[in-house]
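Have a look at the structure below before the remarks.
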Amino acid sequence: MVTLISGQPKSYWMASTEAAFHPPASEDLSTDVAVVGGGIAGLCTAWELARAGRSVTLLEGGRVAAGVTGHTTAKLTAQHGLIYGPLSESFGAETARQYATAQTEAIEHVAATAAELGVDCELERVPAYAYTHTDEGLAGITAEADAASAAGLDASFTVDTGLPFPVAGAVRVENQAQFHPRRYLLALADDFIARGGRIFEGSRVADIDFEATPHVLRLGSGIEIRALEVVVATHYPIVDRVRLFGRLSPHREAVVAAPIAAEADPGGMYWTAEGNTRSVRTAPLPDGRRLLIVTGEAFTPGSPDVTGRFERLAAWAAERFGLTEVGHHWAAQDNHTTDRLPYIGRLPGTERAYVATGFGGWGMTNGVAAGRLIAGLVAGEPPAWSELFDPARVHPGREAVRFASFQKQVVGHFVGDRIAARRTELDDVGPGEGAVVHVDGESLAVHRGEDGRLRTLSAKCTHLGCIVGFNDAERTWDCPCHGSRFDLDGSVIEGPATAPLERKDPE
Ligand SMILES: Cc1cc2nc3c(=O)[nH]c(=O)nc-3n(C[C@H](O)[C@H](O)[C@H](O)COP(=O)(O)OP(=O)(O)OC[C@H]3O[C@@H](n4cnc5c(N)ncnc54)[C@H](O)[C@@H]3O)c2cc1C
Ligand code: FES
């Protein structure tokens, strides 16, 4: 296989936008609402609340719109793979209809808000397709076309797509959209501040005391924020209530992007679960060409050979779209739930705290819906479809299989990765490589720099103690259990962990 990938991973959305810097919180303060996390869910919620006249403070551990949201593919669509068929089958046609309504309203809300704020977020109306290559896959596609149509979407079965290869069948949904997520969200952040909202970046929340009134949020720096209401929008929640941790599973995916001629644009957004998922869209480039963005190669964080996944995805895109090199590549992960529906709403066991998570790879519309839902709950006027997303819901029978598989995965890593660490020796770690090594009864995350210098951390994830794995493409330590990710110096890149990996370098 020819190598098409070069350079460090960097998302096109991040590379093509510059964001205003918001300094960290430097003193204790009080606010009506504290929103923790500045991705699409947190920013949309903060903006909706500020627009409704609330005093809102947004606390972001890194930079806003730079987490998963800065590394997405930003299809703004109600077509979420094959979802309406399974939802109708498990929960009935009304559930599927409400889900479709929430997503369609989110698309229109983004279009209306972009127009209201005068933001050019490259919003383009295009059809969305979910397709299969195989005759065996056709039954799922036709069932999805029927269920999506019954749910109120303009959906139909077709064999004609704009892809440069044949498909056995596809569901086509009309009038969906794609956009530049950071152009939209950075404008939303500016407008939030213009409405009196406060944003503190570099302000990681370490702990939230929900028993205190008002609630107390403690930052890693020791600063305390007092808030009457708290929204946890940290992607994977940093707090566990009603065992949400057991009902969420992180899946990471690779993304490659490269310019193609405008005439080669497949004219839509495409998704298939086959071949370990493949998703395709394009975005406008200043020189008139289109940027082809391809996603796939889903894997559990902490899995080996991430470089190989990028290579396979790039080879797939090159073969079908004639690419000769890949300009951008990056990866990101999203959390899947046991019943395929996100958890958005009141945090169980609290009266004035809320959560938004579990978007299952479809957080562009679900993140916008989260903002509307939580702002509606705070105002006492939630949208008609809000109960669908209630984090307190349980469907023991219908969730059992996925719940068991999520648990098996976590337990397998908790035990299995400790055993695997015993088989690797320190001398096996070559320059530029990382591995978990068992030394004196302890699992250590060891990275050897190109200069031969070793950097040693505890391999025990500071969240709940699973063993991290080395990500060779992004040069990070990733936890397979709930998806926390750490830099080579141990600092937190992505939660639910809030504390760094312990340093084990000799003094
Ligand atoms: C490869 C890929 C492609 C995707 N493509 C699409 C798509 O085409 N369409 C679609 O609808 N969806 C897509 N998704 C899903 C979508 O991108 C996500 O669901 C969405 O971006 C998640 O938004 P979020 O706000 O929950 O998380 P994030 O954007 O990660 O925001 C959470 C924020 O919380 C911050 N944070 C975490 N812990 C703390 C703490 N302790 N204190 C303070 N701040 C903290 C983080 O730094 C981060 O900025 C895709 C996902 C992936 C992985
Ligand atoms: S993310 Fe939960 S144990 Fe690592």
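The values are calculated or read from the model by the stated rules, or taken from the named source; none is laboratory data. Just so it is clear, the structure is predicted and the values come from calculations on it, not from any experiment. Glycine gets a Cβ as well: all are built from the backbone with ideal geometry, and neighbour counts include every protein chain shown.
Name the residue, out of R218, R226, that is free of Cβ contacts under 8 Å to residues at least 24 places away in the same chain, surrounded by fewer than 18 Cβ atoms within 10 Å (Cβ to Cβ) and under 28 Å from A20 (Cβ atoms). Matching residue, one of R218, R226: R218. Scan the range 94-135 for residues that are surrounded by fewer than 15 Cβ atoms within 10 Å (Cβ to Cβ) and under 23 Å from D339 (Cα atoms) and the total you get is 1. Flag set for S30, criterion: away from ligand 1 (no atom under 16 Å from the Cβ) and in the same structural domain as E381 (by TED's automatic domain parsing). Hey, any hits in the range 372-382 for a residue that's part of a loop (DSSP other than H, G, I, E, B) and either touching a Cys at 6+ places or on another chain (Cβ under 9 Å) or at positive phi (or both)? The answer is yes; a qualifying residue exists. Residues that are within 22 Å of A20 (Cα to Cα), surrounded by fewer than 21 Cβ atoms within 10 Å (Cβ to Cβ), within 23 Å of the chain's Cα centre (by Cα) and aliphatic (A, V, I, L, M) within the range 187-215 comprise just one, A187. The set of residues in the range 69-117 being assigned to a helix (DSSP H, G or I) and of a type in the set (S, T, Y) consists of T69, Y84, S88, S90, T95, Y99, T101, T104, T113.
How about the range 440-465: which of its residues are assigned to a loop (DSSP other than H, G, I, E, B) and either more than 16 Å from ligand 2 (Cβ to nearest atom) or more than 13 Å from F486 (Cα to Cα) (or both)? Selection gives D440, G441, G449, E450, D451, G452, R453, L464, G465. Candidates L228, L313, L291: the one that is modelled with pLDDT of 95 or more and closer than 25 Å to D160 by Cβ is L291. Cβ-Cβ distances below 6 Å connect no pair with a first residue in the range 481-504 that is of a type in the set (D, E), a second residue that is modelled with pLDDT under 95 and within 16 Å of ligand 1 (Cβ to nearest atom), and a separation of six or more residues or different chains. Evaluated against (1) closer than 29 Å to I83 by Cα; (2) not in a loop (DSSP other than H, G, I, E, B), T307 falls short on exactly one condition, (1). Mind checking which residues of the range 476-498 are in a loop (DSSP other than H, G, I, E, B), away from ligand 2 (no atom under 11 Å from the Cβ) and under 21 Å from the mean Cα position of the chain (by Cα)? Residues satisfying the conditions are D487, S491. Annotation: of all residues in the range 200-224 being in a strand (DSSP E or B) and within 11 Å of ligand 1 (Cβ to nearest atom), the one that is farthest from L347 (Cα to Cα) is F200.
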